[in-house]
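Novice: This is the structure I want to talk about, given as structure tokens.
The values are calculated or read from the model by the stated rules, or taken from the named source; none is laboratory data. Here the structure is a predicted model, which is why all the values come from computation and not from measurement. Cβ: placed from backbone, ideal geometry, glycine included. Neighbour counts: every protein chain shown.
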Amino acid sequence: MKCIQCHEREIVIKKRRLCLYCSQKYYRQHRLTLNQQKTEVGHTTLIKYEMFHEVNFIKNFFTHNNWIHHPSTFHLSGTNYSPDFYDAERNTFIEVIGTRQAFHANKEKYVFMGIIFPKINFEVRDSFGNLIPIEGKQEWKTEKDE
């Protein structure tokens, strides 16, 4: 059988009766409806990849509209890291943790964030807004600060 879109190549994706090329094209055109959801929160529309804990955090923590979702990317010793939020009222970057496993998997990034950028305010919080302490935070102070 031939692809229903291009009528040239053999079907690879039987569910949609598309060849590989046409299925990739279809996915790129419809990926917002397949993998993402738009969520209206306050003044912002979040396009999220099933990150319900971020939406819960916004509803539970922010009492103002002066915040940015994924504000910037930091380069940390060979890897890139982008905090979830920037709270402009408090001048603080905030990482929202969905699960304990996610916290422990990314804990090194949080520690490096404090070591490499000691002057930047950075917090790790759960989806209810509770502050999560990071072990080794005492190491974040440099000799110049003391």
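Quick grid of which residues meet (1) over 17 Å from the mean Cα position of the chain (by Cα); (2) not acidic (Asp, Glu):
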| site | (1), (2) |
| --- | --- |
| 60 | yes, yes |
| 80 | no, yes |
| 86 | no, yes |
| 89 | yes, no |
| 100 | no, yes |
| 114 | yes, yes |
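Novice: Inspect segment 71-80 for any residue being out of contact with any Cys (no Cβ under 6 Å at 6 or more places or on another chain), of a type in the set (A, V, I, L, M, F, W, C) and assigned to a loop (DSSP other than H, G, I, E, B) and give the result as yes or no.
Specialist: Going residue by residue through segment 71-80, those that are out of contact with any Cys (no Cβ under 6 Å at 6 or more places or on another chain) are 71-80.
Remaining after also requiring of a type in the set (A, V, I, L, M, F, W, C): 74, 76.
From what is left, the residues that are assigned to a loop (DSSP other than H, G, I, E, B) are none.
No, the conditions are met nowhere in segment 71-80.
Novice: State whether one or more residues within segment 96-118 are surrounded by fewer than 16 Cβ atoms within 10 Å (Cβ to Cβ), in a loop (DSSP other than H, G, I, E, B) and among the basic types (Lys, Arg).
Specialist: So far as segment 96-118 goes, no, none of its residues is surrounded by fewer than 16 Cβ atoms within 10 Å (Cβ to Cβ), in a loop (DSSP other than H, G, I, E, B) and among the basic types (Lys, Arg).
Novice: Please go through segment 1-27 and pick out each residue that is loosely packed, with under 14 Cβ neighbours inside 10 Å and outside any loop (DSSP other than H, G, I, E, B).
Specialist: Going through segment 1-27, the residues loosely packed, with under 14 Cβ neighbours inside 10 Å turn out to be 1-2, 4, 6-8, 10, 14-15, 20, 24.
Once the filter is applied, which keeps residues that are loosely packed, with under 14 Cβ neighbours inside 10 Å and outside any loop (DSSP other than H, G, I, E, B), segment 1-27 yields 2, 10, 20, 24.
Novice: Across segment 91-118, what is the total count of residues that are modelled with pLDDT of 90 or more, more than 16 Å from residue 135 (Cβ to Cβ) and in contact with an Asp or Glu (Cβ under 9 Å, 6 or more places away or on another chain)?
Specialist: Selection size over segment 91-118: 4.
Novice: So, one more: Six or more apart or on different chains, Cβ under 6 Å: which pairs go from a residue in segment 67-82 that's more than 13 Å from residue 95 (Cα to Cα) to one that's surrounded by 10 or more Cβ atoms within 10 Å (Cβ to Cβ) and aliphatic (A, V, I, L, M)? Could you list them?
Specialist: 76/116
Novice: If you don't mind, another one. Residue check, residue 40 against (1) surrounded by fewer than 10 Cβ atoms within 10 Å (Cβ to Cβ); (2) modelled with pLDDT under 80; (3) not in a strand (DSSP E or B), all met but one. Which one?
Specialist: (3)
Novice: Among the residues of segment 54-63, is any closer than 18 Å to residue 128 by Cα, modelled with pLDDT of 80 or more and exposed (fewer than 12 other Cβ atoms within 10 Å of the Cβ)?
Specialist: Scanning segment 54-63, I find at least one residue that is closer than 18 Å to residue 128 by Cα, modelled with pLDDT of 80 or more and exposed (fewer than 12 other Cβ atoms within 10 Å of the Cβ), so the answer is yes.
Novice: When you scan segment 64-82, do you find a residue that is loosely packed, with under 14 Cβ neighbours inside 10 Å, at pLDDT below 85 and touching an Asp or Glu at 6+ places or on another chain (Cβ under 7 Å), even just one?
Specialist: The answer is yes; a qualifying residue exists.
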